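The values are calculated or read from the model by the stated rules, or taken from the named source; none is laboratory data. The structure presented is a predicted model; accordingly, all values stated were derived computationally and were not measured. Cβ: placed from backbone, ideal geometry, glycine included. Neighbour counts: every protein chain shown. What goes into the accessible areas is simple: the full protein's heavy atoms, side chains included, and nothing from ligands, DNA or RNA. Shrake-Rupley method; radii C 1.70, N 1.55, O 1.52, S 1.80 Å.
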Amino acid sequence: MSKLGDLGAKLYRGEVGYDFVGKRFLWYGVSILITITAIVALAVQGLNMGIEFKGGAVFTTPKTTASVAKVTEDAEKASGHDAIVQELGTGGMRIQISGLDTDAAADVKKQLAADLKVTEADINADLVGPSWGEQIANKAWTGLGVFMVLVVIYLAIAFEWRMAVAALIALIHDLTITVGVYALVGFEVTPGTVIGLLTILGYSLYDTVVVFDGLKEGSKDITKQTRYTFSEIANRSINGTLVRSINTTVVALLPVAALLFIGGGFLGAGMLNDISLSLFVGLAAGAYSSIFIATPLVVDLKEREPAMKALKKRVLAKRASAAARGESPDDAQGSEDEPQVVSQGRQPGRRR
């Protein structure tokens with residue numbers, strides 16, 4: 001067995017572990033700081049909305065010997081607006097300029113043809129109206145709202161309302177951080193960005209539900225024992241799925257990182273940045289929130305219940321009594337049943 005697999009087995013059995021829940025206020029503080037930074041970036045810098053949301057024109061040129069920098073300079077001089085230029089695999093250029101109407105686009109096309117020494121007919125011009133992007137944004141907001149409602153209903157039925165609330169807060173946390181990163185780095189927001197934002201919701205929710213499932217199984221009949229408090233069962237659930245969460249997140253991030261840093265960075269394929277940045281940040285934020293935010297929030301909500309408060313008192317009293325007799329807490333339990341933390345499927349030879 002590999003070292004990582006051996007660690008995962010020990011975490012699953014509770015032989016080792018990290019107190020994620022006990023240090024939850026530290027994680028809350030980190031998340032609040034990151035969220036505030038994201039909100040400030042949105043308020044101060046705002047989002048760099050793409051041509052699909054602002055309207056403008058996209059020009060595609062034939063193969064040319066001019067450099068991207070030269071074409072960018074010519075396009076900005078001809079239009080009076082900022083231009084985004086990308087070199088195509090055919091050797092031509094894709095020139096994107098916001099804020100152009102039909103007449104202005106015709107003038108820019110004529111000037112570009114003269115600068116690049118090609119005919120106007122060789123340059124393809126497409127006008128994009130802002131209404132199209134607005135329709136996409138409105139549909140995205142509608143889809144997001146429906147998704148959130150369905151998630152809350154499902155989790156409230158499959159688990160309980162506290163887990164539904166915690167998952168909803170974690171999703172909002174992930175979206176806020178991802179959008180804030182876009183504001184900080186100035187990446188253009190396009191329909192691809194919107195698709196990426198909607199995609200990360202599923203990944204974020206998946207990790208959270210895995211931990212919640214282990215917590216649900218581990219906390220069955222929890223009030224009939226005095227070995228663990230609810231927060232300790234929750235912490236064991238996180239540790240039991242920790243290696244699994246790390247593995248799935250790394251595997252998901254690797255191809256996205258290739259798109260973002262190699263495709264978008266080194267190869268200059270700017271359109272890949274639209275979706276890859278939102279996926280990269282969202283996947284990382286989702287993995288973080290499922291471990292450090294969602295489950296600790298459930299603990300805070302659950303331990304407000306009188307039954308959980310009474311359980312905690314009984315557990316601490318039993319431990320204090322055992323310590324006074326010079327016994328370890330485990331010895332004091334005798335044959336008392338221990339709640340099982342189920343997080344990665346059934347184990348060989350073991351029944352749920």
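Worth pointing out:
- Cα-centred dipole magnitude for the stretch 16-169, charges only on beta-carbon of K, R (+1) and D, E (-1), debye, nearest 20: 580
- Relative to the longest principal axis of the Cα atoms of the chain, helix 3-13 runs at roughly 50 degrees.
- Taking all protein chains as shown and a probe of 1.4 angstrom, residue 221 keeps an accessible surface of around 100 Å².
- Tilt relative to the chain, helix 130-158 - C-alpha long axis, 0 to 90 degrees, to 10: 10
- Angle in degrees between helix 161-185 and the longest Cα principal axis of the chain, rounded to the nearest 10: 30
- Largest to smallest in accessible area, the residues 309, 302, 23 fall in the order 309, 23, 302 (1.4 Å probe, all protein chains included).
- For residue 128, nonlocal amide neighbours, meaning residues 5 or more places apart or on other chains whose placed amide H falls under 5 Å from its own, are 56, 57, 58.
- Average 1/r across all pairs of distinct alpha carbons in the stretch 197-329, invert it, and you get the Kirkwood radius: 17.2 Å.
- Qualifying lysines (Cα of each under 27 Å from Cα of residue 70; at least 8 residues distant if same chain): 54, 109, 110, 117
- Average Cα contact separation per residue, the stretch 163-255, under 8 Å, 6 or more apart, as relative contact order %: 26
- Heavy atoms of residue 39: accessible area, 1.4 Å probe, square angstrom to 10: 90
- Rolling a 1.4 angstrom probe over the protein heavy atoms with all chains in place gives the chain an accessible area of 52 Å² per residue.
- From the Kirkwood radius over Cα pairs of the stretch 16-111, Stokes-Einstein at 4 °C and 1.567 mPa s returns a whole-number translational diffusion coefficient of 77 µm²/s.
- Area of residue 54 that stays accessible when all protein chains are in place (1.4 Å probe, Å², to 10): 110
- For the stretch 87-95, 3J(HN,Hα) per residue [Karplus equation, 6.51 cos²θ - 1.76 cosθ + 1.60, θ = phi - 60°, Hz, x = Gly/Pro]: 7, 8, x, 7, x, x, 10, 10, 10
- In a simple Cβ point-charge model (Lys, Arg +1; Asp, Glu -1; nothing else charged), the stretch 44-109 has a dipole of about 200 debye relative to its Cα centre.
- Span from the the stretch 276-304 Cα centroid across to the the stretch 87-127 one, whole angstrom: 46
- Ordered from largest to smallest accessible area (heavy atoms of protein chains, 1.4 Å probe), the residues 325, 24 come out as 325, 24.
- By accessible area, using a 1.4 Å probe on protein heavy atoms only, the stretch 117-191 has 70% of its surface on carbon and sulfur.
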